[in-house]
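In what follows, a single structure is set out as structure tokens and then discussed.
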Amino acid sequence: MTRTALIAALFLALPACSVLPERAPLQIHVLPVTSAEPSSRASIDATLRVETPEANALLSGSRILVMPTSQRISVYEGARWSDQAPTLLRDRVIEAFLEAGYLTAVLDESGRLETDVALASDLRAFHSEYVAGSPEVVIRLDVRLEDEAQRRLLASRRFEVREPSEGVAVEAVVEAFGRAADRLAEALVEWSHGVIDAR
């Protein structure tokens, strides 16, 4: 038997198994939501378009980001968001406006209907970072409210929310992301009411 044939025979004799380690199944996480308090804000006869936040290449994906140190950014292995981070945040903000119920209508940018006011934004942070050895979620959003008919800026503001995680596991961090997104959306809804009402 030739050397090549002998090697081939030895490989065929091996049990049917992979020499590569099995990869853990990918975990897809939705952004958790908590029930909102009933709104007591006065109604406003206006329609709002909420645009998907602009973001850089790192923030615009679906990986769940973590900063183990101030100089390094990484991802939670085997875990992803159910959609791109800017889209998740946009949908959470829209849901908060709908629950508040003080506007005539709230739409995203996919619709062709004209609106009175547009909410545009830039997502600057959507990650967890370690503070004194424990993860803390950071969401930072620069927001602009624009009068659509007059093409003018009504107001702009930076929103930043920090929310401690109750543990280091990705599931606990995801829950903290949900709480942080809820707090940011509620603050944005509150601020927008005064701006839109005074336009």
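List of remarks:
- R162 assigned to a strand (DSSP E or B) and open to solvent by 10 Å² or more (accessible area, probe 1.4 Å): yes
- Contacts under 7 angstrom Cβ, first residue in the stretch 125-154 being over 30 Å from V75 (Cβ atoms) and of a type in the set (S, T, N, Q), partner crowded, with 18+ Cβ neighbours inside 10 Å and at pLDDT 95 or above, 6 or more apart: none
- Here T87 clears all of (1) open to solvent by less than 30 Å² (accessible area, probe 1.4 Å); (2) part of a loop (DSSP other than H, G, I, E, B); (3) polar (S, T, N, Q) except the condition numbered (2).
- The stretch 173-199, residues that are surrounded by 15 or more Cβ atoms within 10 Å (Cβ to Cβ) and among the aliphatic types (A, V, I, L, M): V173, V174, A176, A180, A181, L184, A185, A187, L188, V189, V195, I196
- Index of the failed condition, A149 passing every other in (1) assigned to a strand (DSSP E or B); (2) under 27 Å from T115 (Cα atoms): (1)
- Residues within the stretch 92-119 that are free of Cβ contacts under 8 Å to residues at least 40 places away in the same chain and either crowded, with 18+ Cβ neighbours inside 10 Å or on the phi > 0 side of the Ramachandran plot (or both), tallied: 0
- The condition of being surrounded by 14 or more Cβ atoms within 10 Å (Cβ to Cβ) and not β-branched (V, I, T) holds for only one of L153, L123, that being L123.
- Of the residues in the stretch 135-144, at least one is crowded, with 16+ Cβ neighbours inside 10 Å, at pLDDT 95 or above and either of a type in the set (K, R) or within 21 Å of D45 (Cβ to Cβ) (or both).
- Restricting the stretch 110-146 to residues that are small (G, A, S) and out of contact with any strand residue (DSSP E or B) (no Cβ under 9 Å at 6 or more places or on another chain), the residue that is nearest to N56 (Cα to Cα): S110
- Among the residues of the stretch 47-71, the ones that are closer than 23 Å to Y130 by Cβ, modelled with pLDDT of 95 or more and not in a loop (DSSP other than H, G, I, E, B) come to 5 in all.
- Filter result for the condition that a residue is on the phi < 0 side of the Ramachandran plot, open to solvent by 10 Å² or more (accessible area, probe 1.4 Å) and over 14 Å from the mean Cα position of the chain (by Cα), over S82, S60, S74: S74
The values are calculated or read from the model by the stated rules, or taken from the named source; none is laboratory data. Since we're looking at a predicted model, the values are computed, not measured. Because the Cβ atoms are built from the backbone with ideal geometry, glycine has one as well, and the counts that use them run over all protein chains shown. Each accessible area value is taken on the protein alone, full model and side chains, heavy atoms only, with ligands, DNA and RNA left out. Shrake-Rupley method; radii C 1.70, N 1.55, O 1.52, S 1.80 Å.
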